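Novice: Let me begin by handing over the structure; questions about it come next.
Throughout, read-outs are computed from the coordinates displayed, never taken from laboratory work. As the structure is a computational prediction, the values presented were derived from the model and not from experiment. Cβ coordinates were reconstructed from backbone atoms using ideal geometry, including for glycine residues, and neighbour counts include every protein chain displayed.
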């Protein structure tokens, strides 16, 4: 099937990015948020991102206006009823996501594809809240969505082949390199990334080297654009802890167990860049 209209639920950092790249690909986009203030905030975020591209002469002002013209904001979930694809980008809470998809299931056409942008939760657990598990996929984009070139397209045991193909085609149409994965905690990227980040914290706990030297070692020795502690602060220590706990619950393997230092930092409110302090201090 051809996807022409995309519904996006949630217009935070991830949702606004998904809406933007969909509109840039020429698709009609309907974005739903909980209230008008959040709609305006999301619209401003998209407009601001596009304006920076205009100022850098990477985008014509006329094209910016055309992109914004393809996006409609609403507070009514029913306005997503005509979408060919609905992508969920709300809080990372399974119960909230299941409740959302159960409601969408009663509103959208039987042919509508449902997708979650979750980075860690099981896609099948969300699909089970609907009567269309065969039309359910994961579409895991990365932050910032307009700049990161990857999307993980995730299939469950029930995902129909033509639905999976349509989701992969959508990922390519919005300019991303598609990585195909099965419905397993962490998919591909976090399955490998989380143990690396946790091992870096354990190395710091053990006094192997300072965080600055560990970051420098991985950047200059392995060619990584960011060291593990820089990346932890960027992703969010609370987010990393949340994902690690989900993966440890699934696999019961030591490499996914969160080190005590990570738990202490999160408990102290040091969540990284977004809180002003994580492993590094950004409040200066």
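Novice: With N set to the number of residues, divide the alpha-carbon radius of gyration of the stretch 109-159 by 2.2 N^0.38 Å and report two decimals.
Specialist: Values: Rg = 11.6 Å, N = 51, 2.2 N^0.38 = 9.8 Å.
In units of the 2.2 N^0.38 Å rule of thumb, it is 1.19.
Novice: Another question, if that's okay. Taking all pairs of distinct Cα atoms, average 1/r, flip it, and tell me the Kirkwood hydrodynamic radius of the stretch 1-129 in Å to one decimal place. Write down the numbers at each step before the final one.
Specialist: Details: mean 1/r = 0.0668 Å⁻¹.
Hydrodynamic radius (Kirkwood, Cα only) of the stretch 1-129 equals 15.0 Å.
Novice: Could you rank the peptides 251-261, 108-118 by their average count of other C-beta atoms within 10 Å per residue, with the highest value first?
Specialist: Details: 251-261: 14.8, 108-118: 21.2.
Final packing ranking: 108-118, 251-261.
Novice: What are the semi-axes of the equivalent ellipsoid for the stretch 184-284, taken as the square roots of 5 times the Cα gyration tensor eigenvalues, largest first, in whole Å?
Specialist: Values: eigenvalues 81, 55, 33 Å².
Semi-axes from the Cα gyration tensor: 20, 17, 13 Å.
Novice: Can you give the extra length, in nm with one decimal, that the chain gains between residue 128 and residue 78 once fully stretched, where that is 0.36 nm per residue apart less the Cα-Cα distance?
Specialist: On the way: separation 50, 0.36 × 50 = 18.00 nm, distance 2.10 nm.
Gain on extension, residue 128 to residue 78, equals 15.9 nm.
Novice: Also, I was wondering about something else. Compute the distance from the alpha-carbon center of the stretch 12-61 to that of the stretch 176-237, in whole Å.
Specialist: The stretch 12-61 and the stretch 176-237 have Cα centres separated by 29 Å.
Novice: Another question, then. Report the extension gain between residue 208 and residue 255 in nm, rounded to one decimal, defined as 0.36 nm multiplied by the number of residues separating them, less their alpha carbon distance. Display every interim value, and only then the final one.
Specialist: Working: separation 47, 0.36 × 47 = 16.92 nm, distance 1.77 nm.
Additional length available on full extension: 15.2 nm.
Novice: What shape does the stretch 107-208 take by its C-alpha gyration tensor, where a ≥ b ≥ c are the square roots of the eigenvalues and a/c under 1.5 counts as rounded, a/b above b/c as prolate, and the rest as oblate? Let's see the in-between values first.
Specialist: Details: a/c = 2.91, a/b = 1.85, b/c = 1.57.
Here the stretch 107-208 falls in the prolate category.
Novice: Could I ask something else about it? Going by how many other Cβ atoms sit within 10 Å of their own, how do 247, 226 line up, fewest first? Don't skip to the end; give the middle numbers.
Specialist: Numbers: 247 24, 226 14.
The fewest-first ordering by Cβ neighbours comes to 226, 247.
Novice: Could I ask something else about it? Going by average Cβ neighbours within 10 Å, how do the peptides 158-164, 202-208 rank, with the highest at the top? List each step's numbers first, then the result.
Specialist: Numbers: 158-164: 16.7, 202-208: 13.1.
So the order, starting with the most tightly packed, is 158-164, 202-208.
Novice: How big is the chain along each principal axis, measuring the range of its Cα positions in Å and listing the largest first?
Specialist: 56, 46, 33
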